[in-house]
Amino acid sequence: MHQPVELVPAVHQFSSCDAITCPIQVLVIDRVNGPANILVDTISLLLDQEISVTSVEEHADALRALEYYHFDLVVVGLYHDRPAQLAILPHIRDQHPDRPILAVGHHLPPLIEQYARKYGARDVIRFPERAADLKTLVATVAEGYLQPA
């Protein structure tokens with residue numbers, strides 16, 4: 001004969017707030033497989049620390065995400081044939097002046113790099129062609145921008 005099993009609700013105990021660590025939050029504004037997305041994906045794969053990545057393509061989605069969530073870093077993909085991508089930079093700089101912004105692109109003309117810095121990018125990164133250079137870039141970005149607070 002089977003004994004009836006009494007179901008007792010589980011009681012969850014959570015750690016104190018000090019024991020919970022949150023990953024670093026990164027917002028990527030770029031098209032799929034664009035230089036910013038590739039860089040942040042590579043960083044998240046190679047680093048030992050947790051990184052939470054939110055990726056959007058549209059500027060309106062980026063501004064909306066910045067209104068509701070805290071991001072430790074914003075990474076914007078730049079293109080020599082799409083200068084409109086620069087338009088998001090002053091909006092982020094004006095609304096979130098302490099937020100570091102990185103701009104990443106392939107074969108960027110000096111004028112686009114200059115405008116990116118003028119409009120709020122802390123650094124403009126030329127996406128490397130060689131894997132060895134990418135590894136060095138990952139280490140540089142991690143050390144400069146992805147250290148937990």
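The values are calculated or read from the model by the stated rules, or taken from the named source; none is laboratory data. Fair warning: this is a prediction, and the values are worked out from it, not measured in the lab. Every residue, glycine as well, gets a Cβ built from its backbone with ideal geometry; the counts of neighbours run over all protein chains shown.
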*All but one of (1) surrounded by fewer than 18 Cβ atoms within 10 Å (Cβ to Cβ); (2) modelled with pLDDT under 90; (3) of a type in the set (Ser, Thr, Tyr) hold for Ser44; which doesn't?*
(1)
*Could you tell me whether region 86-97 includes any residue that is touching a Leu at 6+ places or on another chain (Cβ under 6 Å), within 18 Å of Asn37 (Cβ to Cβ) and surrounded by 12 or more Cβ atoms within 10 Å (Cβ to Cβ)?*
no
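Matching residues to (1) part of a helix (DSSP H, G or I); (2) surrounded by 21 or more Cβ atoms within 10 Å (Cβ to Cβ):
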{"residue": "Val32", "(1), (2)": "no, no"}
{"residue": "Ile38", "(1), (2)": "yes, no"}
{"residue": "Thr54", "(1), (2)": "no, no"}
{"residue": "Phe71", "(1), (2)": "no, yes"}
*asked:* For region 73-117, which positions are among the basic types (Lys, Arg) and closer than 22 Å to Thr140 by Cα?
replied: Arg99, Arg117
_Given the criterion over 17 Å from Gln25 (Cα atoms) and under 15 Å from the mean Cα position of the chain (by Cα), identify the matching residue among Leu73, Leu89._
Leu89
*Do you know which of the residues in region 73-84 that are touching a residue at least 12 places away in the same chain (Cβ under 8 Å) and either small (Gly, Ala, Ser) or in a helix (DSSP H, G or I) (or both) is surrounded by the fewest Cβ atoms within 10 Å (Cβ to Cβ)?*
Pro83
_Selected residue (criterion: nearest to Thr42 (Cα to Cα)) from residues of region 119-149 that are among the charged types (D, E, K, R) and surrounded by 12 or more Cβ atoms within 10 Å (Cβ to Cβ)_ = Lys135
*Report, by residue number, each residue of region 107-148 that is outside any helix (DSSP H, G or I) and under 25 Å from Leu63 (Cβ atoms).*
Leu108, Tyr119, Gly120, Ala121, Arg122, Asp123, Val124, Ile125, Phe127, Leu146
